[in-house]
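Visitor: Dumping the structure here so I can ask a few things about it.
What follows is calculated from the coordinates using simple rules that are stated; it is not laboratory data. It should be emphasised that the depicted structure is a prediction, and the values quoted were computed from it without experimental measurement. Glycine also receives a Cβ, built like all others from the backbone with ideal geometry; neighbour counts cover every protein chain displayed.
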Amino acid sequence: MALPALRCTIRGGTLVTPSGTRRADLGIGDDGRIAAIEPSLPAGREDIDATDLFLLPGGVDSHCHIEQRTSSGLTPVDDFYSASVSALAGGTTTVVPFACQHRGKRIRDVVADYRAVAAKAAVDYAFHVIVTDPSETHAIDDLQACFAHGCSSVKVYMTYDALKLNDTEMLDVLELCRRHAAMVMVHAESHDLIAWITSRLLNAGRIAAKFHAVARPAIAEREATHRAISFAEFIGTPLLVVHVSGREAADEIARARHRGVPIYGETCPQYLTLTLRCLCAPLDGSKFLCSPPLRTEADQEALWEALRRGDLQVISSDHSAYNFAGGGDASKTAGGASTPFSKVPMGLPGLECRMPLLVSGYLHGRLDSLQQVARLGCEMPARLYGLYPRKGVLEVGSDADVVLWDLEARGKITKEALHDELDYTPFEGMVVRGEVRRTILRGRTVFE
């Protein structure tokens with residue numbers, strides 16, 4: 001059969017696909033989709049030389065907070081345009097952030113407003129819906145309408161006063177999502193245990209960043225993870241536990257999967273590369289405040305092992321863009337040195353660093369293959385949230401979201417080298433192997 005006319009060809013590179021790596025040429029049609037993958041192709045109207053480079057699918061970051069107003073009224077420093085430019089520079093072409101329902105708000109209105117804000121994005125995107133008030137009069141009808149229009153996932157919280165659901169509400173959401181074949185994401189930490197510990201720490205004057213890890217111990221994550229899994233198992237609903245921070249929660253997920261329950265787990269680069277020692281820095285500890293908190297080197301090793309075994313399926317950034325020193329209220333130091341850890345904006349930026357840290361992890365022997373890199377950072381998030389095979393894979397018919405990687409390159413992560421609008425990166429000074437040479441979105445070069 002004759003090949004279609006190719007608008008663009010990428011020739012001489014090594015493709016990373018679910019079946020393995022192979023030297024092949026990739027052709028892109030005028031519709032922005034992959035039209036051909038062959039051992040050799042004639043040059044298209046645009047011809048890209050990929051000699052000595054590896055072609056991975058565009059990354060899919062399925063957990064990032066972009067231009068999302070918090071319950072306390074804060075809006076992160078970056079917006080959809082600046083965040084997405086940063087994502088493209090790091091090899092991510094699709095993001096799935098959150099339309100967040102605050103209490104008393106209609107989900108329908110929240111989604112419409114967020115869709116308008118996202119229109120300036122330079123990447124492709126979908127949304128999750130954060131549900132905080134399922135008792136709101138129109139909540140069920142609005143969620144059903146979202147599902148009917150292609151939304152395939154919701155997120156619920158088991159902690160934070162302004163966001164958490166009680167157990168009854170959580171069961172109701174799980175049951176609704178089961179009927180609509182929607183994925184439920186859960187932030188699993190035990191709210192009452194954390195509140196009990198935090199109150200005692202603050203009353204004793206223990207307000208420094210390092211006490212954040214004391215206030216949110218691994219057992220709080222383990223207990224909530226076990227409870228969420230038990231609810232999902234009873235209802236019969238697939239569930240994904242987000243930002244797993246250490247061994248204990250990862251083991252709960254593994255046990256459920258081993259008995260055949262459709263439970264999935266996600267971790268993030270910060271939990272694979274940083275530890276709670278970062279929180280002990282006397283001046284900079286608040287740079288590293290996120291929930292769940294950073295944990296130990298032993299937890300890092302356990303997470304890498306869970307990724308290699310397949311007990312965790314996704315690596316997302318959990319990107320939250322707060323400055324360290326600048327940016328007004330959207331800053332981790334806005335309240336001054338007397339601000340307790342519990343009042344500091346939580347979360348770390350990481351959109352641009354996610355895929356480079358993942359590729360570098362493979363090159364340092366933390367993962368077994370480039371296929372694992374593509375599966376964790378591209379394929380599985382696309383599969384779990386209804387975007388596959390249009391996204392997350394290099395195959396004929398998929399969107400031509402392609403990233404050309406130089407695996408021989410070495411570099412160092414610095415704030416100055418990144419493309420976001422923040423005043424710091426928690427990964428400052430980390431040496432990484434591998435570098436993005438070109439990012440292509442639906443057949444068009446968007447970063448080089």
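Visitor: Over the Cα atoms of region 345-448, what radius of gyration and what Dmax do you get, in Å?
Guide: When restricted to Cα atoms, region 345-448 yields Rg and Dmax of 14.5, 43 Å.
Visitor: For Cα pairs less than 8 Å apart in space and 6+ apart in sequence, what is the mean separation divided by the residue count of region 365-448, i.e. the relative contact order in percent?
Guide: On the way: 111 pairs, mean separation 21.0, N = 84.
25 percent.
Visitor: Now, a different point. Would you calculate the volume per residue, in Å³, of the smallest convex hull containing every Cα atom of region 97-136? If you can, show how the numbers build up before the last one.
Guide: Working: hull volume 2.2 nm³, N = 40.
Value for region 97-136: 54 Å³ per residue.
Visitor: Run the numbers on region 268-332 and let me know its relative contact order in percent, using alpha-carbon pairs under 8 Å that are six or more apart.
Guide: 33
Visitor: Identify, among Ser320, Ala204, Leu240, the residue whose Cα sits farthest towards the positive end of the charge dipole of region 58-384, taking +1 on the Cβ of Lys and Arg and -1 on the Cβ of Asp and Glu, with the dipole about the Cα centre.
Guide: After comparing all options, I get Ala204.
Visitor: At 222 nm, what value in deg cm²/dmol follows for the chain if DSSP H runs of at least 4 each add -39500 (n - 2.57) and the sum is divided by all its residues, to the nearest 500?
Guide: Details: 13 runs with 131 residues, N = 448.
Taking each H run of at least 4 residues, the total per residue is -8500 deg cm²/dmol.
Visitor: Right, next: Suppose R0 equals 56 Å. What FRET efficiency, 1/(1 + (r/R0)^6) with r the Cβ-Cβ distance, do Asp192 and Val396 give to the nearest 0.05? Don't skip to the end; give the middle numbers.
Guide: Numbers: r = 52 Å, r/R0 = 0.93.
It comes out at approximately 0.60.
Visitor: I would also like to ask the following. Please compute the net charge surrounding Asp109, taking Lys and Arg as +1 and Asp and Glu as -1 over other residues with Cβ under 14 Å from its Cβ. Provide the component values of the computation, followed by the final result.
Guide: On the way: positive: Arg69, Arg103, Lys105, Arg106, Arg108, Arg115; negative: Asp113, Asp133, Glu136, Asp141, Asp142.
Charge balance near Asp109 sits at +1.
Visitor: Once Lys and Arg get +1 and Asp and Glu get -1 on their Cβ, which of Ser291, Thr14, Thr92 lies farthest toward the positive end of the dipole of the chain?
Guide: Selected residue: Ser291.
Visitor: I've got another one for you. Just rank Trp304, Trp196, fewest to most, by other beta-carbon atoms within 10 angstrom. Present the calculation step by step, with values, prior to reporting the outcome.
Guide: Numbers: Trp304 18, Trp196 12.
With the sparsest Cβ surroundings first, the list reads Trp196, Trp304.
Visitor: Give the peptides 259-268, 343-352 in descending order of average Cβ contacts within 10 Å, highest first.
Guide: Values: 259-268: 19.3, 343-352: 24.0.
Result, highest mean first: 343-352, 259-268.
Visitor: May I pose another question? How much length is gained on full extension from Ser230 to Ala112, taking 0.36 nm per residue of separation minus their Cα-Cα distance?
Guide: Details: separation 118, 0.36 × 118 = 42.48 nm, distance 3.34 nm.
Additional length available on full extension: 39.1 nm.
Visitor: Moving to a separate point now. Which listed residue (Val110, Met380, Cys268) has the Cα farthest towards the positive end of the charge dipole for region 58-384, taking +1 on Lys and Arg C-beta and -1 on Asp and Glu C-beta about the Cα centre?
Guide: Checking the options against the dipole of region 58-384, the answer is Cys268.
Visitor: Continuing with this model, one more query. Only four residue types carry charge here, +1 at the Cβ of Lys and Arg and -1 at the Cβ of Asp and Glu. Report the dipole size of region 339-448 about the Cα centre in Debye, rounded to the nearest 20. Walk me through the intermediate numbers first.
Guide: Numbers: 15 positive and 15 negative charges, 54 e Å.
Roughly 260 debye for region 339-448.
Visitor: Let me ask another. Relative contact order for region 58-384: what percent, with Cα pairs under 8 Å and sequence separation of 6 or more?
Guide: On the way: 641 pairs, mean separation 62.3, N = 327.
Dividing the mean separation by the residue count of region 58-384 yields 19 percent.
Visitor: About its Cα centre, what dipole magnitude does region 58-384 give when the only charges are +1 on Lys and Arg Cβ and -1 on Asp and Glu Cβ, stated in debye to the nearest 20?
Guide: Details: 32 positive and 36 negative charges, 79 e Å.
With only Lys, Arg, Asp and Glu charged at Cβ, the dipole is about 380 debye.
Visitor: Determine the distance separating the Cα centre of region 80-123 from the Cα centre of region 47-63; give it in Å without decimals.
Guide: Each part's Cα centre sits 23 Å from the other's.
Visitor: For region 234-336, what is the largest minus smallest coordinate of the Cα atoms on each principal axis, given in angstrom and ordered from greatest to least?
Guide: On the principal axes, region 234-336 reaches 49, 29, 19 Å in Cα extent.
Visitor: In region 127-157, which residues have a backbone nitrogen under 18 Å from the label point lying 7 Å from Arg69's Cα in the Cα-to-Cβ direction?
Guide: Only 129-133 pass the distance filter.
Visitor: Let me ask something else about it. I need the P(r) histogram for region 181-301: all alpha carbon pairs, bin width 10 Å from 0 out to the longest distance, whole percents.
Guide: Histogramming region 181-301 at 10 Å steps yields 14, 42, 31, 12, 2 percent.
Visitor: Taking the Cα atoms of region 180-246, what is the range of coordinates along each of the three principal axes, in descending order and whole Å?
Guide: 47, 19, 18
Visitor: Here is a follow-up. Output the pairs from Lys287/Lys415; Lys105/Lys155; Lys164/Lys332; Lys287/Lys332; Lys332/Lys412; Lys332/Lys415 with a Cα-Cα distance over 18 Å in this structure; if there are none, say none. Display every interim value, and only then the final one.
Guide: On the way: Lys287/Lys415 13 Å; Lys105/Lys155 16 Å; Lys164/Lys332 23 Å; Lys287/Lys332 7 Å; Lys332/Lys412 24 Å; Lys332/Lys415 16 Å.
Table pairs above 18 Å Cα-Cα are Lys164/Lys332; Lys332/Lys412.
Visitor: Please give the net charge around Asp30, taking every other residue with its beta carbon less than 15 angstrom from that of Asp30, where Lys and Arg add +1 and Asp and Glu add -1. Each step should come with its number before you reach the end.
Guide: On the way: positive: Arg7, Arg33, Arg45, Arg442, Arg444; negative: Asp31, Glu46, Asp399.
Around Asp30, the charge tally is +2.
Visitor: A further question follows. What list of ³J(HN,Hα) couplings, whole Hz, do you get for region 109-121 from phi and the Karplus terms 6.51, -1.76, 1.60, once you set θ to phi - 60° and write x for glycine and proline?
Guide: Once θ is set to phi - 60°, the couplings for region 109-121 become 6, 4, 5, 4, 5, 5, 4, 5, 5, 6, 4, 8, 5 Hz.
Visitor: Right, here's the next one. Please express the Cα-Cα pair-distance distribution P(r) of the chain as a list of whole percents, one per 10 Å bin, running from 0 to the bin with the greatest distance.
Guide: Computed distribution, short to long bins: 4, 22, 32, 27, 12, 3, 0, 0.
Visitor: Residue-wise, which Karplus ³J(HN,Hα) couplings in Hz belong to region 44-52, taking 6.51 cos²θ - 1.76 cosθ + 1.60, θ = phi - 60°, and x for glycine or proline?
Guide: Whole-Hz 3J(HN,Hα) from phi for region 44-52: x, 4, 10, 10, 10, 7, 10, 3, 6.
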